[in-house]
Amino acid sequence: MKRILIIGATSAIAEATARVFAARGDALVLAGRDTQQLSRIAADLKIRGAAQAHTLELDANDFGKHESAIQQATDHLGGLDIALIAQGTLGIQNDCEKDFSLAVKELNSNAISVMSLLTVLANRMQAQNSGQLAVIGSVAGDRGRPSNYVYGTAKAAVATFCEGLRARLYSHNVNVLLIKPGFVDTPMTAAFKKGPLWAKPDLIAKLIVRALDRRAAIIYTPSFWALIMLIIRSIPRPIFVRLKL
Amino acid sequence: MNLHGWGRYPIIDAQVTHVQREASALQLLQDAQSKQQALTLRGLGRSYGDSSLGDHVIDFSLQNRFIGFNQEAGLLECEAGTSLRDILNTFIPKGWFLPVTPGTQFVTVGGAIASDVHGKNHHLDGSFSQYIESFRILTGANEILECSADQHPDLFRATCGGMGLTGLILTARLRLRPVKSSDILCRSIRAENLEQLIALFEEHVASPYSVAWIDCLKSGTQLGRSILMLGKHAEDGLLQVAGDAGLTIPKMFPGELLNNTAISAFNTLYYHRSPKTMAVQRISYRPYFYPLDSLNDWNRMYGRKGFVQYQFMIPKTSGANSMRKMIEAIAASGKGSFLAVLKTFGPGNNNDLSFPGEGWTLALDFRFDDGVLALLDRLDGMVLDVGGRVYLTKDARLKAQCFRRAYPNWEKFEATRARYGAHGRFASAQSLRLGLL
């Protein structure tokens, strides 16, 4: 049985992942803003087999509360083996271009809040010399594209942060897993036209848990995105700037 | 976005909104009201025709959480988007099974209520809604009502089998069936023709599950050549969840491969493969109940034009000869598919639009082509003339006047919809075609 904290637990990918944990009998703390929804999810996870399912009210953008929230989660579970950071927003790129305060909001919820949480969690796991941190990044962080570079910037920042943190914690037996989903069919992407590249949250969840089991460092989910992003990263800049990707 | 049912016919352009929370369902309904838009409800999209298609579709398949489970009574409360697969995967290890299951696990509880689905045990156990203790439904009057056989019974009877036209089911309480094993003891018996098959059904009426696979290309003395498959839950062994599907039908599968020669050859092979003797086989619940679930996207097999599935019911009172005439007409058309399933129904229930009624039902696929609609219209006439019905969950083309003859309670259904504010608020391409308000 693993003791797991999930932050941003009402997100579709987080909830699907929590179900995989629950079916294995893990103990969970679900953190997020919508306490009513968290309670529904917690009740569901208990029926699915979770040893424990606690809820914890937390606005990830309230950085001052991170320390106490993580303390509370640790108290509930009597320790912490895994933390999954899954909160995020997909703002409208166009709006962010016109109003930088919106871009700041995006960067806060997708990057700064993640770094703050990672910092608190990393210090604790470093001290206990064990644990795993899992963060939902995105393929959008692999290259800045005109269609969503604010979101991409946040995810790129998280990726670089994770890379440094992973190296820092390596000798302390703590792994940092960065998950880079491609297109996932969730409420966050409801407005998009879906095609064959789209995956369901259930599949992403399975891949996340499998990656945690083998203590992977970075995964693309589904894995064919590694190839797609390799190609996108390899497009020479003179051509890339002409593509309206 | 382009949207279709399981038959991939018709395809329409729809705006789809996912619901993940009850509060957002309420909000959506109010927004639709202010814009005077009717909403179409959709779960996993496994109804074959156009019953989950419309301009503004509410997809509630993400509304899929368990709420409570009473281990003594086997009473499960869950959100309406919960899939039957999810229920099986979670509760089989605890010794519980679905009381009634259709031929796929990929349907939601809400959809199963809206279609009042039946299974291979209808002759003994009736249909899905008979195991629904209660549900909570969001009506067109923006009210959430608790609904059961005793509470708002009119709305209960209209909603069960009501094709999602009475309101949005939010949560439901379902009675599960205790089992000691996840295995099914099954036994196949060959029947050389329809008369033999019907006699076998009667002889084995006590078998908890029974269904026959029937070769609809055979005529004359071989008309109705079939294999009857009986089943019951094993009394011992493991409680084990079956693995997931392996094969996926590719997107551009050439439907022309499924021509009559191929189907006929397949049918003959299949018939002779099954043993003449009545040896009992022990198999997992999945191949028994959900043989096609192991073939992802099997609906692509019929090619780009899609297919229509036709399922009708012939009342016992009209005699087996009526079924014989139906099969003769299908065999003569030469259009029948390899998947044709015949089973006996026990008595129907008193829901306004539930499909099953005492008699026999036959379901088969027709690859979509120009002649199919005319053929089905002709079959409709034959079914209605003997007092039968056509299953709305499979339907993409039934005419309004035929619907009214097949479902004489439609006026009662409409009156109940009016009382609960459903008119103009909940609709589908199907309901508009069938002339419902």
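What dipole magnitude, in Debye to the nearest 20, does the range B:295-425 give about its Cα centre under +1 on Lys/Arg Cβ and -1 on Asp/Glu Cβ?
Numbers: 20 positive and 13 negative charges, 37 e Å.
Rounded to the nearest 20 debye, it is 180 debye.
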Environment charge at residue B:140 (Cβ cut-off 11 Å; Lys +1, Arg +1, Asp -1, Glu -1): +2
Which FRET efficiency value, to the nearest 0.05, is calculated for residue A:217 and residue A:183 with the Förster distance at 35 angstrom and r the Cβ-Cβ distance? 0.95
Whole Å is fine, so just give me how far the alpha carbon centre of the range A:181-245 lies from that of the range A:115-156. 16
Tell me which residues come under 5 Å, amide H to amide H, from residue B:18 once H is placed; ignore anything under 5 positions away on its chain. B:59
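Under unit Cβ charges (Lys, Arg +1; Asp, Glu -1), what dipole magnitude, rounded to 20 debye, does the protein assembly as shown have relative to its Cα centre?
On the way: 75 positive and 60 negative charges, 333 e Å.
Value, rounded to 20: 1600 debye.
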Of the residues B:400, B:415, B:374, which exhibits the maximal mean-square fluctuation in a Gaussian network model of chain B defined by a 10 Å Cα contact cut-off? B:374
Computed, not fitted: 222 nm per-residue ellipticity of chain A from DSSP H runs ≥ 4 (each -39500 (n - 2.57)), nearest 500, equal to -14500 deg cm²/dmol
Give me the angle, in degrees from 0 to 90, between the Cα long axis of helix A:113-128 and the longest principal axis of the Cα atoms of chain A, rounded to the nearest 10. 40
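Assuming a ≥ b ≥ c are the square roots of the Cα gyration tensor eigenvalues, decide whether the range B:1-110 counts as rounded (a/c under 1.5), prolate (otherwise, with a/b larger than b/c) or oblate. Walk me through the intermediate numbers first.
Numbers: a/c = 3.36, a/b = 1.57, b/c = 2.14.
It comes out oblate by the Cα gyration axes.
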Using a Gaussian network model of chain A with C-alpha springs under 10 Å, which one of A:213, A:44, A:34 is most mobile by mean-square fluctuation? A:213
Averaging over every viewing direction, what projected area does the convex hull of the Cα atoms of the protein assembly as shown cover, in nm²? 31.7
Between B:39, B:239, B:197, find the one with the highest GNM mean-square fluctuation for chain B; connect C-alpha pairs within less than 10 Å. B:239
Could you tell me which residue out of A:47, A:89, B:205 lies farthest along the dipole of the protein assembly as shown toward its positive end? Charges go on the beta carbon: Lys and Arg +1, Asp and Glu -1, centred on the Cα centre. A:89
If one computes the Cα centroid of the range B:317-357 and of the range B:224-241, what distance in Å separates the two points? 23
Distance between modelled label sites at residue A:89 and residue B:175, nm, 7 Å Cα→Cβ extension: 4.9
By how many degrees, 0 to 90 and rounded to 10, does the Cα axis of helix B:372-385 deviate from the longest principal axis of chain B? 90
Chain B: calculated mean residue ellipticity at 222 nm from DSSP helix runs of at least 4, using -39500 (n - 2.57): -7500 deg cm²/dmol
Within-13-Å neighbourhood charge of residue A:218 [Cβ basis; K, R +1; D, E -1]: +3
Pull up all non-local amide H partners of residue B:107: gap of 5 or more, or a different chain, and H-to-H distance under 5 Å with H placed in the peptide plane. B:84, B:85
In terms of the Cα gyration tensor, with a ≥ b ≥ c the square roots of its eigenvalues, is the range B:20-70 rounded because a/c is under 1.5, prolate because a/b exceeds b/c, or oblate? oblate
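Taking trypsin sites (Lys or Arg not before Pro) as candidate sites, keep only those in a DSSP loop with at most 10 other Cβ atoms within 10 Å, then name the longest stretch of chain A containing none of them. Could you put the intermediate results ahead of the total?
Numbers: sites that count: A:193, A:214, A:242, A:244.
Longest site-free region, per DSSP loop and neighbour criteria: A:1-192.
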Dipole-positive endmost among B:363, A:195, B:89 within the protein assembly as shown (Cβ charges, Cα centre): A:195
Note down the nm distance, to one decimal, between modelled labels 7 Å out along Cα→Cβ at residue A:67 and at residue B:238. 5.1
P(r) tail fraction, the range B:293-344 - alpha-carbon pairs more than 15 Å apart, %: 60
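For the protein assembly as shown, give the share of DSSP beta bridges that are antiparallel, in percent and rounded to the nearest 5; count only bridges with both residues there.
On the way: 63 of 103 bridges.
Roughly 60 percent of the DSSP beta bridges within the protein assembly as shown come out antiparallel.
So if R0 is 56 Å, what FRET efficiency would residue A:1 and residue A:237 give, r being the distance between their Cβ atoms, rounded to the nearest 0.05? Can you show the working numbers first?
Working: r = 50 Å, r/R0 = 0.88.
Computed FRET efficiency for residue A:1 and residue A:237: 0.70.
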Alpha-carbon centroids, the range B:18-33 and the range B:45-73: separation in whole Å: 15
Cα-based helix-to-principal-axis angle, B:410-419 vs chain B, degrees rounded to 10: 20
Stretch gain in nm, segment residue B:124-residue B:27, where the contour uses 0.36 nm per residue and the Cα spacing is subtracted: 30.7 nm
In nm, give the distance between the simple-model label positions of residue B:295 and residue B:317, each being 7 Å from the Cα along the Cα-to-Cβ direction. 3.9
Against the 2.2 N^0.38 Å scaling, with N counting residues, where does chain B land? I'd like the Cα-based Rg ratio to two decimal places. 0.94
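Each value in this text was obtained by applying a stated rule to the coordinates, not by laboratory testing. These numbers were taken from a predicted model, which means no experiment stands behind them. Methodologically, a virtual Cβ is constructed for each residue, glycine included, from the backbone with ideal geometry; neighbour enumeration extends over all protein chains shown.
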